[in-house]
Amino acid sequence: MQRNNSQDVLCERETQLQALLLRGLSGDARAYREFLAALALHLRGFLRRRLAQRPAEVEDLLQEVLLAVHNARETYQPQQPLTAWVQAIARYKLVDYLRRYGQRETRHESLEEDSDLFAASDEAPAEARRDLGKLLGQLPERQRLPIVHVKLEGLSVEETARITGLSSSAVKVGIHRGLKALARLIRGSDDDENR
Amino acid sequence: MMKTDELIDLLASGEGPVDRHALARRLAQALLGGLLGALLLTVALYGVRSDLAEVARTPVFWAKLALPGSLALLGLWLTQRLARPGVKGGAVWGLLGVPLLLVWLGAAISLAGAPVEARAELVFGRTWRTCALNITLLSAPLFVAVFWALRGLAPTRLRQAGAAGGLLAGATATLAYCLHCPEMEVPFWGVWYLLGMLLPTALGAALGPRLLRW
């Protein structure tokens, strides 16, 4: 009985999530948002169990998977079980991540940055803007422009897509990857997983 | 780093309805573009055989097209399956054995009915040295187009998806090559056509993991 119950729960979850996704795919942005949020909860658990040794990386990888789900959404067919589709994406990204992580580990041991003693000074706010400009300058255009337009100028994704000629998916990917790259630049580490 | 909730907001913002036939459309575009390229290359490099109109009225010409035609359809089926996360090639891989067995059966019958000294001629024809390489060359535009299509989709079994895409490219290129190829013996197709299609398939399997990563 216990087993039947838990299967019922899984089944119900699948149906709910699938309904949200299908509504999202037909243009209902609220349903799509709800789908991604619910999916994020499940995925977080899934990834946490598999990355037990590196809990700090879970959120990072979760975002990669969400981005991948978003970019692959055209390939979902209603007759396919949603679980199988999502799991294939999550597993693919997990394996890809572990491989990259392995390569990075063997190349150089990453040092924990613990030198923020002198980082904060009075000039910091004044320099922030100039430094941000400098950091942004190091990003490739497909990441810099989306961040400048959406995050600094407050334009919408669609407007940015129109101005830059990128697809709106590319704008979203650019913002996400660009912000990650900025965070890395600010930390001063040089992991080159930015691809 | 961005917060996950922010990312979700970003991803969900301003999304219109998704085209339900996006995958089919993308593959169709790639296939048509690549086929056009292969046809142009056939005409430009090899020329159309002069007796095409007469040959096209014989059943054996259509039997010859049936081999790459059926493999191209199976390749297309496999490619569109493997372009989706969580869908396996599965039994479709096994179906590839049907046209192979049929052509080898036909070749065996043809060889068995021929005198021993004529058999080599049936297998090697006049163009065995170039056939497989010509097909591989013609498959280049299709290969590029199909891999372009796959890169915009979401394959998770990269080696298999690459092989399926290579098979699709090779088999479709063989169809184009039939406009030129003068060989009309089943044993010839059973060796050199298959080899011509096998090369792009193997290339696809080799390059898939590198070219199709996303």
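Values for this structure:
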read-out: Hits in the range A:54-83 (condition: within 24 Å of A:Arg99 (Cα to Cα), in contact with a Leu (Cβ under 7 Å, 6 or more places away or on another chain) and charged (D, E, K, R)); value: A:Glu57
read-out: B:Ser13, sole failed condition from (1) at pLDDT below 90; (2) closer than 24 Å to B:Glu183 by Cα; (3) not basic (Lys, Arg); value: (2)
read-out: Helices (runs of 4 or more DSSP H) contained in the range A:1-78 and holding at least 2 residues over 19 Å from A:Ala170 (Cα atoms), among the small types (Gly, Ala, Ser) and within 17 Å of the chain's Cα centre (by Cα); value: A:29-50
read-out: Meets criteria (within 14 Å of chain A (Cβ to nearest Cβ) and in contact (Cβ under 8 Å) with a residue 12 or more places away in the chain) for B:Arg26; value: yes
read-out: One residue from B:Ala91, B:Ala149, B:Ala108 being of a type outside the set (D, E, K, R), more than 22 Å from B:Met184 (Cα to Cα), out of contact with any strand residue (DSSP E or B) (no Cβ under 6 Å at 6 or more places or on another chain) and surrounded by fewer than 17 Cβ atoms within 10 Å (Cβ to Cβ); value: B:Ala91
read-out: Condition met for B:Val55 (in contact with a helix residue (DSSP H, G or I) (Cβ under 8 Å, 6 or more places away or on another chain) and more than 14 Å from every other protein chain (Cβ to nearest Cβ)); value: yes
read-out: Complete set of residues in the range B:112-148 that are over 14 Å from the mean Cα position of the chain (by Cα), at negative phi and of a type in the set (Gly, Ala, Ser); value: B:Ala112, B:Gly113, B:Ala114, B:Ala118, B:Ala120
read-out: Any hit, the range B:108-130, residues being assigned to a helix (DSSP H, G or I) and closer than 25 Å to B:Trp77 by Cβ; value: no
read-out: Subset of the range A:147-172 (residues that are touching a residue at least 40 places away in the same chain (Cβ under 8 Å) and in contact with a Ser or Thr (Cβ under 9 Å, 6 or more places away or on another chain)); value: A:Lys172
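Yes/no matrix, rows are residues, columns are (1) surrounded by fewer than 23 Cβ atoms within 10 Å (Cβ to Cβ); (2) of a type in the set (Ser, Thr, Tyr); (3) part of a helix (DSSP H, G or I):
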position	(1), (2), (3)
B:Trp77	yes, no, yes
B:Val87	yes, no, no
B:Leu102	yes, no, yes
B:Gly165	no, no, yes
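The values are calculated or read from the model by the stated rules, or taken from the named source; none is laboratory data. This is a predicted model, so every value here is computed, not measured. We place every Cβ from the backbone using ideal geometry, glycine too, and count neighbours over all the protein chains shown.
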